[in-house]
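Report on the following structure.
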Amino acid sequence: MEIDNFWSRVEIGRPDECWPWKGAKHAHGYGQLVIDGKRLYAHRVAYELTIGPIPEGYEIDHVKARGCQNRACCNPEHLEAVTPEENKKRSEWDGVINASKTGCEHGHPFNLENTGYLYGHRYCKTCHRIRSADYRRKQKQINLEAQNG
């Protein structure tokens, strides 16, 4: 897709309404597109086209206080660049209860060294390393079994 065609894929309405993305959507409901071989979220592209670059380390929040709870919305009036922590606090997906947890379900701490953020969601880096190592170990075993017939 060419960036010039971006707005033709958005259902533009009044400034106070959501402007939903009409193209493909991510499993979690975010509009997505491919530009120059890169998969991008539509709301992030809308923000950058109308407001400017997203500061490094920031995410784009669909601001509930501005009437938006639609992940496919591309209305720049509904979008705000926020830190992952702020986005998490505002999120209805995990809510205040999960945002206030100090550790993962396995007891590892949510602190600066052990906490990662992906798509506005917090994860435990220790658990991620363990799962990744288990996955690699299983894949290695499957490959060995395939080689030995």
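Where the second residue is hydroxyl-bearing (Ser, Thr, Tyr) and surrounded by fewer than 16 Cβ atoms within 10 Å (Cβ to Cβ) and the first is assigned by TED's automatic domain parsing to the domain that holds Ala65 and more than 22 Å from Glu59 (Cα to Cα) and lies in segment 12-31, which pairs have Cβ atoms under 8 Å and are six or more apart or on separate chains? Short answer, once both residue conditions are applied: none. Tyr117 passes every criterion in (1) surrounded by fewer than 18 Cβ atoms within 10 Å (Cβ to Cβ); (2) in contact with a Pro (Cβ under 6 Å, 6 or more places away or on another chain); (3) at pLDDT 90 or above apart from (3).
Looking only at residues of segment 10-47 that are among the basic types (Lys, Arg) and modelled with pLDDT of 95 or more, we find that the one that is surrounded by the most Cβ atoms within 10 Å (Cβ to Cβ) is Arg44. Residues being among the β-branched types (Val, Ile, Thr), in a loop (DSSP other than H, G, I, E, B) and assigned by TED's automatic domain parsing to the domain that holds His128 are entirely absent from segment 40-62. When Thr50 is tested against (1) of a type in the set (S, T, N, Q); (2) surrounded by 13 or more Cβ atoms within 10 Å (Cβ to Cβ); (3) under 17 Å from Gly29 (Cβ atoms), exactly one condition is not met: (3).
If I go through segment 112-149 residue by residue, how many of them are closer than 19 Å to Arg90 by Cα and assigned to a loop (DSSP other than H, G, I, E, B)?
Initially, segment 112-149 is screened for residues closer than 19 Å to Arg90 by Cα, giving 115-123.
In the following step, the residues that additionally are assigned to a loop (DSSP other than H, G, I, E, B) were identified as 119-120.
The qualifying residues number 2.
Residues being in the same structural domain as Asn5 (by TED's automatic domain parsing), aliphatic (A, V, I, L, M) and without any contact (Cβ under 8 Å) to a residue 40 or more places away in the chain are entirely absent from segment 68-77. Scanning segment 69-90 for residues that are surrounded by 21 or more Cβ atoms within 10 Å (Cβ to Cβ) and touching a helix residue (DSSP H, G or I) at 6+ places or on another chain (Cβ under 6 Å) returns Cys74, His78, Leu79, Lys88. Just one of (1) part of a helix (DSSP H, G or I); (2) of a type in the set (A, V, I, L, M, F, W, C); (3) surrounded by 11 or more Cβ atoms within 10 Å (Cβ to Cβ) fails for Ala65. It is (3).
Condition check ((1) under 30 Å from Asn5 (Cβ atoms); (2) among the acidic types (Asp, Glu)) across all residues:
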| residue | (1), (2) |
| --- | --- |
| Lys25 | yes, no |
| Gln32 | yes, no |
| Gly52 | yes, no |
| Glu59 | yes, yes |
| Val63 | yes, no |
| Asn75 | yes, no |
| Lys89 | no, no |
| Thr126 | no, no |
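Determine whether Glu86 is of a type in the set (D, E, K, R) and assigned to a strand (DSSP E or B). No; evaluated as a whole, the condition is false for this residue.
The values are calculated or read from the model by the stated rules, or taken from the named source; none is laboratory data. Since we're looking at a predicted model, the values are computed, not measured. Heads up, the Cβs are rebuilt from the backbone with ideal geometry, glycines too, and the neighbour counts pull from every protein chain shown.
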